[in-house]
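Chemist: One structure follows; several queries about it will come next.
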Amino acid sequence: MARPYQPSLLRLLHGATALLVPLAWLTGLLVYSDYDGRIGRLPLTLPGEWIDIHGTVGVLLWPIALLFGLYALTAGRARLRQPANAIALLALVLAVGSGKLMEEDWLRDGQFQHAVYSVHLLAWLLIALAVALHVAAVLRRGGWPLARSMASVQVRAGDLPGQWFGQIRRSFKAGR
């Protein structure tokens, strides 16, 4: 059986997203516990301005999510036929989009009534479920070989960074 291979641009964008999303999720949990906590608070308090750290992670995630979304809608659109991939991408768009619409002072001022904040909390829950569903689907479809292929640093001929633009351009032509 051939070893699965994922395009290098997909692996780069997916890998950056896979590093930043859990960091955003965890810092979001700390922000929720520190400022809101209506459903519950963490039993520990970690020092630091977690709202600023969470915002910084969001700022880093924003361009990666945008590029990842553009990739998914072009060269990666066949992968969006997998419901777990589509759900994970939609949860990411909802989380990043609602986060960009928020103002950090809302939480500092105790203003939890904003609809965008509620959407952001919903996105926080959805992203956790979506990532779990996504990982389970990957393991079900291709097992550990498919999961490992996303972390591989091996690059095939025709899949070098200088060829990424051509891959995207060809995907537009193939979609017609």
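The values are calculated or read from the model by the stated rules, or taken from the named source; none is laboratory data. In this text, all values refer to a predicted model and were calculated from it rather than measured experimentally. A quick note on method: Cβ atoms are made from the backbone with ideal geometry, for glycine too, and the neighbour counts reach across all protein chains shown.
Chemist: Cβ-Cβ below 6 Å, separation at least six or inter-chain, first residue in region 154-176 and within 14 Å of Leu10 (Cα to Cα), second among the hydrophobic types (A, V, I, L, M, F, W, C): which pairs?
Modeler: Note: pairs meeting the criteria are Trp164/Leu9; Gln167/Ala75; Ile168/Ala75; Ser171/Ala75.
Chemist: Can I ask one more? May I ask you to list the residues in region 3-23 that are hydrophobic (A, V, I, L, M, F, W, C) and farther than 21 Å from Arg169 by Cβ?
Modeler: Hits for region 3-23 are Ala16, Ala18, Leu19, Leu20, Val21, Leu23.
Residue-wise test of (1) farther than 20 Å from Leu94 by Cα; (2) within 18 Å of the chain's Cα centre (by Cα); (3) at pLDDT 95 or above; (4) of a type in the set (Lys, Arg).
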| residue | (1), (2), (3), (4) |
| --- | --- |
| Ala18 | no, yes, yes, no |
| Trp25 | no, yes, yes, no |
| Asp34 | yes, no, no, no |
| Arg38 | yes, no, no, yes |
| Arg41 | yes, no, no, yes |
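Chemist: I'd like to check something: does region 48-64 contain any residue that is closer than 30 Å to Ala157 by Cβ and in a helix (DSSP H, G or I)?
Modeler: Pass one, region 48-64, residues closer than 30 Å to Ala157 by Cβ: 63-64.
Next, only the ones that are in a helix (DSSP H, G or I) stay: 63-64.
Yes; the residues of region 48-64 include at least one that is closer than 30 Å to Ala157 by Cβ and in a helix (DSSP H, G or I).
Chemist: Identify all residues within region 56-72 that are more than 27 Å from Gln167 (Cα to Cα) and buried (at least 17 other Cβ atoms within 10 Å of the Cβ); write none if there are none. So that I can check it myself, show each step before the final result.
Modeler: Taking region 56-72 as the starting set, the residues that turn out to be more than 27 Å from Gln167 (Cα to Cα) are 56-59.
Within region 56-72, Val57, Gly58 meet the criteria.
Chemist: Looking at region 149-174 only, could you name the residues that are touching a Leu at 6+ places or on another chain (Cβ under 9 Å) and of a type in the set (A, V, I, L, M)?
Modeler: Those that are touching a Leu at 6+ places or on another chain (Cβ under 9 Å) and of a type in the set (A, V, I, L, M): Met150, Ile168.
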